[in-house]
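Here is the structure we will look at.
The values are calculated or read from the model by the stated rules, or taken from the named source; none is laboratory data. Everything numeric here is computed off the predicted structure, so don't read it as measured data. When we count neighbours, we look across all protein chains shown, and the Cβ atoms used for this are built from the backbone with ideal geometry, even at glycine.
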Amino acid sequence: MVHAMIRGSLLAVVAFSLLIAPISASGTGVVIYSTDFSSDPGWTTNNPYTNRWDSDLGMFRYFLQDSTNAFVYKKVPYKGESFQLDYDLFPVQTQYQSSFRFGIGDADMYINQGTTIFSEFENSIYGNLMWLRSIDRTNQRREISSYFQSYGGPTVSFTDGTPYHVVLTYDHRLQQAGIQVSFLGNRSTLWGYTLDSISNLGVMDRLVISTIGDYTNPSSAAEGYLDNVTFQVFHDVVETTATTATTSPATTWVTVSTPKTTPAATTATPEPTAAPLSLLTGMVALAGALLLFLLPVSRR
């Protein structure tokens, strides 16, 4: 019954979303990982029974409970650049004091220790809230939620059964992390925020879903589906400028060197050919003169 309801809702969403232009970031983005879950993504998990690829729906199913230390991850070749993580989320049920968390982190995959930047959909005493959290290598935490006392605007809640598109960003140069949550159908923004002073980050080498370190309510569960994950990095403008500058001298060198070889080959060719012809002509003339001198003598 749940699968049939989800399939019907998703087909309607996909049909409409085909008319919507995808979100694009400024700058030169390089996609280093992407999956639409049309085939098994091969993600690593310590509980493949509850967290697994759903081949019928073509999405990744999650079922997360506190105190289970469940994790799911996919390693990516990330080296600390600015990044953008896009994904679609379909929360089926988010029970009280349960959460869905997805972002980038280190090998420990703790939700309350560095290093990590992640988005969170939590059912709290203030309702279904969205979070942006960052923890650096000294375990300094920076976070913001969609609760009015947290970010200064009206409280914004997500709804189970509604699909969303989430964009999680990090700007290495400006030291900022950001989140934008939109409705998947029309891409209208539900909530977003940017955190400043995001620095002192350690190695982060994986996209991760995790409950490691969460012991709030072992009997609660968050269940739903994840789809269309794309992770791209953005290189600083300074690096692009430096690359362009080094190309120019190489082109000039090739242009100058080309005419140097042509005249040398042309001038050298006639010299060995002209020398033997001049010598032969002189010898023939000398022999002719000798012959003319001897002929009158023989008649006498």
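Looking at Thr45, is it surrounded by 13 or more Cβ atoms within 10 Å (Cβ to Cβ), β-branched (Val, Ile, Thr) and either in contact with an Asp or Glu (Cβ under 7 Å, 6 or more places away or on another chain) or modelled with pLDDT of 95 or more (or both)? Walk me through it before giving the result.
On the way: surrounded by 13 or more Cβ atoms within 10 Å (Cβ to Cβ): yes; β-branched (Val, Ile, Thr): yes; either in contact with an Asp or Glu (Cβ under 7 Å, 6 or more places away or on another chain) or modelled with pLDDT of 95 or more (or both): yes.
Spelling it out, Thr45 is indeed surrounded by 13 or more Cβ atoms within 10 Å (Cβ to Cβ), β-branched (Val, Ile, Thr) and either in contact with an Asp or Glu (Cβ under 7 Å, 6 or more places away or on another chain) or modelled with pLDDT of 95 or more (or both).
So which residues in the stretch 92-111 are of a type in the set (Gly, Ala, Ser) and assigned to a strand (DSSP E or B), if there are any at all? Break it down into steps so the answer makes sense when it comes.
Narrowing the stretch 92-111 to residues of a type in the set (Gly, Ala, Ser): 98-99, 103, 105, 107.
Answer for the stretch 92-111, where residues must be of a type in the set (Gly, Ala, Ser) and assigned to a strand (DSSP E or B): Ser99, Gly103, Gly105.
In the stretch 128-136, is there at least one residue being at pLDDT 95 or above, surrounded by fewer than 21 Cβ atoms within 10 Å (Cβ to Cβ), in contact with a helix residue (DSSP H, G or I) (Cβ under 9 Å, 6 or more places away or on another chain) and not acidic (Asp, Glu)?
In the first step, residues of the stretch 128-136 are kept if they are at pLDDT 95 or above; the result is 128-136.
Pick out the ones that are also surrounded by fewer than 21 Cβ atoms within 10 Å (Cβ to Cβ) and you get 128, 131, 136.
If we keep only those that are in contact with a helix residue (DSSP H, G or I) (Cβ under 9 Å, 6 or more places away or on another chain) as well, we get 131.
Then drop every residue that is not not acidic (Asp, Glu), which leaves 131.
Yes, there is a match, as at least one residue in the stretch 128-136 is at pLDDT 95 or above, surrounded by fewer than 21 Cβ atoms within 10 Å (Cβ to Cβ), in contact with a helix residue (DSSP H, G or I) (Cβ under 9 Å, 6 or more places away or on another chain) and not acidic (Asp, Glu).
Do we find that Val72 is crowded, with 16+ Cβ neighbours inside 10 Å, assigned to a loop (DSSP other than H, G, I, E, B), in the same structural domain as Phe183 (by TED's automatic domain parsing) and in contact (Cβ under 8 Å) with a residue 12 or more places away in the chain in this structure? Working first, answer last.
Working: crowded, with 16+ Cβ neighbours inside 10 Å: yes; assigned to a loop (DSSP other than H, G, I, E, B): no; in the same structural domain as Phe183 (by TED's automatic domain parsing): yes; in contact (Cβ under 8 Å) with a residue 12 or more places away in the chain: yes.
When the stated conditions are applied, Val72 does not pass them.
Going through the stretch 125-151 one residue at a time, which ones are closer than 30 Å to Gly80 by Cβ and part of a loop (DSSP other than H, G, I, E, B)? Write out each step before concluding.
At the first step, the residues of the stretch 125-151 found to be closer than 30 Å to Gly80 by Cβ are 129-146, 150-151.
Answer for the stretch 125-151, where residues must be closer than 30 Å to Gly80 by Cβ and part of a loop (DSSP other than H, G, I, E, B): Asp136, Arg137, Thr138, Asn139, Gln140, Ser146.
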